[in-house]
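**Q** Structure incoming, see below.
No value in this document is a laboratory result; all are computed from the given coordinates. Since we're looking at a predicted model, the values are computed, not measured. Reconstructed Cβ throughout: ideal geometry from the backbone, glycine too, with neighbour counts over all protein chains shown.
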Amino acid sequence: MSNALQRDLLRMAARVEREDGPKAAQDPHRLTFHIQPPTGWLNDPNGLCKYGEDYHVFFQYGPFDCTGGVKHWGHCKSRDLVHWEYLPILLCPDQPYDIHGVYSGSAYIEDGKMYLYYTGNVKHEGDHDYIRTGRGHNTCLAISEDGETMASKQCLMENKDYPAGLTCHVRDPKVWKMDGKYYMVQGARTLEDRGEVLIFQSEDKIHWTHCNTITTPEIFGYMWECPDLFEIDGQWFLCVSPQGVAQTDDRFQNVYACGYFPLYGDFRGDCTLGEFQTLDKGFDFYAPQSFLDGTRRIQFGWMGMPDAEYTNPTTAYGWQHCMTVPCVLTAKDGKILRNPVPELNALHGTLRQLSVTPGVSESVKTFDLQYQTAGQPFELTIHDSVRLNWQDGVLTLSVPQGGAGRTTRVAHCAAPMSLRILADTSSVEVFVDGGATCMSTRCYPTSWGVRWTSGTGDAQLWDMKQS
Ligand code: FRU
């Protein structure tokens with residue numbers, strides 16, 4: 001299926017990628033082993049799946065405007081989760097029901113087809129935050145029969161089909177099959193400014209009925225974006241990106257929160273949510289999505305934050321933002337552990353064994369560092385701008401030139417600890433004690449490497465080969 005608007009948008013996007021892509025490629029902050037937009041803007045991971053032999057990652061993509069713009073689904077695929085081939089956009093805002101943005105959603109694979117569920121964003125006159133008239137948030141389904149082009153598209157639900165008491169904010173469908181039925185979660189904002197998750201069920205993937213609503217007893221933010229509901233080893237987790245959660249001491253320092261609730265009971269009926277846990281304590285982690293690869297659950301996050309105050313030098317090269325590395329999720333004692341997929345080790349180059357003392361440094365642009373600390377306080381600087389300091393049980397990540405509100409983030413960790421740090425040209429992802437604590441951030445250095453200013457212990461450092 002194609003229409004004139006879709007053909008025009010695809011042509012214009014291909015042209016802008018061809019013409020502006022080379023400029024983006026010259027940016028010294030262009031990443032080497034992370035998914036990033038060919039040009040323009042990237043936010044949430046969408047439609048994660050394995051289709052045939054290939055992993056597919058779609059992303060919220062504004063090809064014409066590196067500060068956002070109308071959203072499309074950008075697309076890349078990979079055999080090994082490490083080397084990515086960028087493909088043409090698969091979904092464009094080309095229908096009356098998605099004309100102002102093909103918003104976030106998920107993929108469900110059956111009978112050799114990719115079912116892509118997403119939110120069609122339509123702006124109307126009026127206040128879209130409080131009443132049902134200012135915006136259409138349509139639940140849409142696009143089908144691809146080859147994983148590269150769109151065969152059909154339809155609108156399945158509109159505002160009037162959602163439960164009563166909601167604003168126009170109902171979005172980000174995530175679909176899966178269980179016990180012979182299809183289920184969908186969507187994030188929502190009620191008229192009383194409460195974030196919640198709607199559960200829908202279907203017999204045929206097309207007709208959906210609302211069967212439950214999940215929220216906290218006390219309001220926890222006004223909107224829950226990008227819900228993801230899954231089980232690991234018998235424990236259910238509800239991941240959400242809540243907007244409007246108040247900062248408390250050193251928690252919820254980012255403009256929006258992002259994490260998960262353990263869910264007890266049956267999500268289709270009686271269930272309760274346990275305590276909310278932040279998934280990543282760094283500056284840049286939002287709207288993650290997961291998918292099942294056989295029996296392992298893999299998650300990508302957007303290594304960014306919808307923070308209006310945030311600026312960075314990549315916009316001078318016409319692009320902005322990237323994904324995290326893919327991580328495997330496991331569960332321990334009701335908590336999620338997040339660790340890079342082992343496939344990334346294929347990028348390991350030369351191994352350097354380091355005996356850490358103050359002043360030890362390595363000048364290397366992209367690396368995988370594994371550091372067993374000896375229990376004393378330590379501080380290391382990554383590239384020229386990211387400092388990681390531990391003392392008295394507090395791990396502090398600072399980016400001194402990060403700008404307003406983006407200077408320090410903290411996590412509580414006991415020593416000794418094992419640290420894994422994946423550093424790309426403009427990102428640092430820290431995984432502590434087997435993924436129990438994670439901290440991700442972008443950075444924009446002018447020189448690259450790692451240097452200890454204090455601390456002892458042993459470290460292994462591999463440089464990362466270009467993917
Ligand atoms: C999260 C989000 C989603 C929405 C998308 C639009 O970052 O706001 O809720 O679908 O981004 O780009």
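**Q** From the residues G265, Q36, L292, which one has its Cα farthest along the dipole of the range 4-340 in the positive direction, the dipole being from +1 and -1 charges on Cβ of Lys/Arg and Asp/Glu about the Cα centre?
**A** Ranked along the dipole, the leading option is Q36.
**Q** Show that you can apply the helix-only estimate: for the chain, add -39,500 (n - 2.57) for every DSSP H stretch of four or more residues, divide by all residues, and state [θ] at 222 nm to the nearest 500.
**A** Calculated mean residue ellipticity at 222 nm is -1500 deg cm²/dmol.
**Q** Take the alpha carbon gyration tensor of the range 211-307, find the square roots of its eigenvalues, order them as a ≥ b ≥ c, and report rounded if a/c is under 1.5; if not, report prolate when a/b exceeds b/c, else oblate. List each step's numbers first, then the result.
**A** Working: a/c = 2.00, a/b = 1.21, b/c = 1.65.
Because a/c hits 1.5 or more and a/b fails to exceed b/c, the range 211-307 counts as oblate.
**Q** Going by a ≥ b ≥ c, the root eigenvalues of the Cα gyration tensor, does the range 4-340 fall in the rounded group (a/c under 1.5), the prolate group (a/b larger than b/c) or the oblate group?
**A** Since a/c stays below 1.5, the shape of the range 4-340 is classed as rounded.
**Q** Also, I was wondering about something else. So, in Å, what gap is there between the alpha-carbon centers of the range 217-289 and the range 376-454?
**A** The range 217-289 and the range 376-454 have Cα centres spaced 24 Å from each other.
**Q** Treat every Asp and Glu Cβ in the range 379-467 as -1 and every Lys and Arg Cβ as +1, leave all other atoms uncharged, and give the resulting dipole magnitude about the Cα centre to the nearest 20 debye. The partial results should precede the final answer.
**A** Numbers: 7 positive and 8 negative charges, 49 e Å.
Using Cβ point charges on Lys, Arg, Asp and Glu, the range 379-467 gives about 240 debye.
**Q** Related question: Given R₀ = 41 Å, FRET efficiency for C211-T311 by Cβ-Cβ distance, to 0.05?
**A** Given R0 = 41 Å and the Cβ-Cβ separation, E is 0.40.
**Q** Sticking with this structure for a sec: Based on the alpha-carbon gyration tensor of the range 315-450 and its eigenvalue square roots a ≥ b ≥ c, which shape applies: rounded if a/c is under 1.5, prolate if not and a/b is larger than b/c, or oblate? Could the numbers behind the result be given before it?
**A** Working: a/c = 1.23, a/b = 1.15, b/c = 1.07.
In terms of gyration-tensor shape, rounded.
**Q** With the dipole of the range 108-214 worked out from charges on the C-beta (+1 for Lys and Arg, -1 for Asp and Glu) around the Cα centre, which of G134, Y118, Q186 lies farthest toward the positive end?
**A** Of the candidates, G134 comes out farthest on the positive side.
**Q** Let me ask something additional. Note down the net charge around H83, summing +1 for each Lys or Arg and -1 for each Asp or Glu among other residues with Cβ under 14 Å from its Cβ.
**A** Once all neighbours under 14 Å are counted, the net charge is -2.
**Q** Sorted by mean Cβ packing within 10 Å, highest first, what order do the peptides 352-361, 304-313 take? Let's see the in-between values first.
**A** Values: 352-361: 12.9, 304-313: 15.5.
Ranked by mean Cβ neighbours within 10 Å, highest first: 304-313, 352-361.
**Q** Still on this structure: If R0 is 56 Å, what FRET efficiency do you get for H100 and S447 from their C-beta distance, rounded to 0.05?
**A** 0.85
**Q** Taking the number of other C-beta atoms within 10 Å as the exposure measure, put T314, T295, T67 in order starting with the fewest. Intermediate results must be reported in sequence, preceding the final value.
**A** Working: T314 23, T295 6, T67 10.
Arranged by neighbour count, lowest to highest, T314, T295, T67 become T295, T67, T314.
**Q** How large is the charge dipole for the chain, taken about the Cα centre, if only the Cβ atoms of Lys, Arg (+1) and Asp, Glu (-1) carry charge, to the nearest 20 debye? Provide the component values of the computation, followed by the final result.
**A** Numbers: 40 positive and 57 negative charges, 117 e Å.
Dipole size: approximately 560 debye.
**Q** Straight-line reach only, C-alpha to C-alpha below 19 angstrom: list the lysines that K123 could link to, leaving out same-chain residues fewer than 8 apart.
**A** Candidates past the 8-residue exclusion: K71, K160.
**Q** So, one more: If I fit a long axis through the Cα atoms of helix 4-25 and take the longest principal axis of the Cα atoms of the chain, what angle between them do I get, 0 to 90°, rounded to 10?
**A** Compared with the principal axis, the helix lies near 10 degrees.
**Q** Too long at a 31 Å Cα-Cα cut-off: which of K50/K335; K281/K465; K153/K332; K205/K465?
**A** K153/K332; K205/K465
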